Amino acid sequence: MNRKRISIFTSILWLCVSFCATAQESLQKESSVKWTNPFPQNELGISYTITPNVLPDNQELFEVKKNKIKVLYDWKGDEAPFGMITSIREYSHFNLELEYKWGKRKFAPRQDAKRDAGIVFHVQGEKVIWPTCLECQIQEGDTGDLWVIKGPKVRWFQKDGSEKLLDSSGKKTYLEGDKYGNYEVDGWNKVRVEVRGSQSARFFENGHLVNELKDFLDAEGHPLEKGNIALQAEGSEIIYRNIRIQELN
């Protein structure tokens, strides 16, 4: 091997070593970041909002106890409105984890449909149902589907690895990007959502990568960098527990 080839080989080897060291340092820093509850309820007041905030017969969609949120378990009647519990704070770069388990009851108008819920993030504007946001779907057999709602544009990695632009700023206000596989089990399931500002997001179910997207823009074409986080109620009993977020620099 001549000197030129040795020099090139040495440069490539040095780059690989440098990259691995940087990646390892990044993982070490991330593992040291504290996890917190994005929906705390404490003596200083409630740190989330509920939509809608007025319900029939003073009923509640969400029952919050420490780090567990029960949805529709005490609901009376055969029909229930959709709703969401939203963090007061906005988040940009973060890892979010939770576990969920379906209950038995379903309510009109979805009593004959799949059990449905979801995690929405980068929520913008008025807290209506549903707001401008991106969603990691939680649904029977479909957890990890991507929904792009009312404005954002994203590049979505399809199952074959190719990219597709999903633009919800026009007439189609709800656009779906299908998951890569179904990893839901009976009982408790774990979801992890990794978001890096406007750059990227990855959805995991029970440790399996099920969706990936990047380059988030708002309806005007500006980077969609941050927003509130919310959990959905969509006509089915569900429990969210062990909800925690790791906010990154």
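Which of the residues belonging to the range 140-155 are surrounded by fewer than 23 Cβ atoms within 10 Å (Cβ to Cβ) and under 15 Å from Val193 (Cβ atoms)? Outline the logic, then answer.
Within the range 140-155, the first condition is being surrounded by fewer than 23 Cβ atoms within 10 Å (Cβ to Cβ), and the residues that meet it are 140-142, 145, 147, 149-151, 153, 155.
Passing the criteria: Asp145, Trp147.
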## Note on the structure
Among residues of the range 152-167 being modelled with pLDDT under 95 and part of a loop (DSSP other than H, G, I, E, B), the residue farthest from Val191 (Cα to Cα) is Ser162
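What about Pro52, is it crowded, with 19+ Cβ neighbours inside 10 Å and of a type outside the set (A, V, I, L, M, F, W, C)?
Numbers: crowded, with 19+ Cβ neighbours inside 10 Å: no; of a type outside the set (A, V, I, L, M, F, W, C): yes.
The answer is no for Pro52.
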### Flag if Glu97 is assigned by TED's automatic domain parsing to the domain that holds Trp130, at negative phi and surrounded by 13 or more Cβ atoms within 10 Å (Cβ to Cβ)
yes
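Give the residue that is surrounded by the fewest Cβ atoms within 10 Å (Cβ to Cβ), with candidates limited to residues of the range 100-138 that are part of a strand (DSSP E or B) and of a type in the set (Gly, Ala, Ser). Before the answer, list the steps.
From the range 100-138, those part of a strand (DSSP E or B) are 100-106, 108, 116-124, 132-138; that's our starting set.
After this cut, where a residue has to be of a type in the set (Gly, Ala, Ser) as well, the list is 103, 108, 117-118.
Numbers: Gly103: 14, Ala108: 11, Ala117: 24, Gly118: 22.
Among those that are part of a strand (DSSP E or B) and of a type in the set (Gly, Ala, Ser), it is Ala108.
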### Query
Any chance the range 54-73 includes a residue that's more than 15 Å from Ile243 (Cβ to Cβ), in contact (Cβ under 8 Å) with a residue 12 or more places away in the chain and in a strand (DSSP E or B)?
no
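Test Asn42 against the stated conditions and say whether it is out of contact with any Gly (no Cβ under 7 Å at 6 or more places or on another chain), surrounded by 11 or more Cβ atoms within 10 Å (Cβ to Cβ), modelled with pLDDT under 90 and assigned by TED's automatic domain parsing to the domain that holds Gly103. Outline the logic, then answer.
Working: out of contact with any Gly (no Cβ under 7 Å at 6 or more places or on another chain): yes; surrounded by 11 or more Cβ atoms within 10 Å (Cβ to Cβ): no; modelled with pLDDT under 90: yes; assigned by TED's automatic domain parsing to the domain that holds Gly103: yes.
Spelling it out, it is not the case that Asn42 is out of contact with any Gly (no Cβ under 7 Å at 6 or more places or on another chain), surrounded by 11 or more Cβ atoms within 10 Å (Cβ to Cβ), modelled with pLDDT under 90 and assigned by TED's automatic domain parsing to the domain that holds Gly103.
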### Message
Whether any residue in the range 82-93 is small (Gly, Ala, Ser), within 30 Å of Lys226 (Cβ to Cβ), in contact with a Pro (Cβ under 7 Å, 6 or more places away or on another chain) and surrounded by fewer than 18 Cβ atoms within 10 Å (Cβ to Cβ) is what I want to check.
### Response
no
### Message
For the condition out of contact with any Cys (no Cβ under 8 Å at 6 or more places or on another chain), touching a residue at least 12 places away in the same chain (Cβ under 8 Å) and either of a type in the set (Gly, Ala, Ser) or within 23 Å of Asp215 (Cα to Cα) (or both), what is the one hit in Arg110, Arg202, Arg115, Arg155?
### Response
Arg155
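The values are calculated or read from the model by the stated rules, or taken from the named source; none is laboratory data. Since the structure is predicted, the reported quantities are computational estimates derived from the model, not experimental observations. All Cβ positions, even for glycine, are placed from backbone atoms using ideal geometry, and neighbour counts span all protein chains on display.
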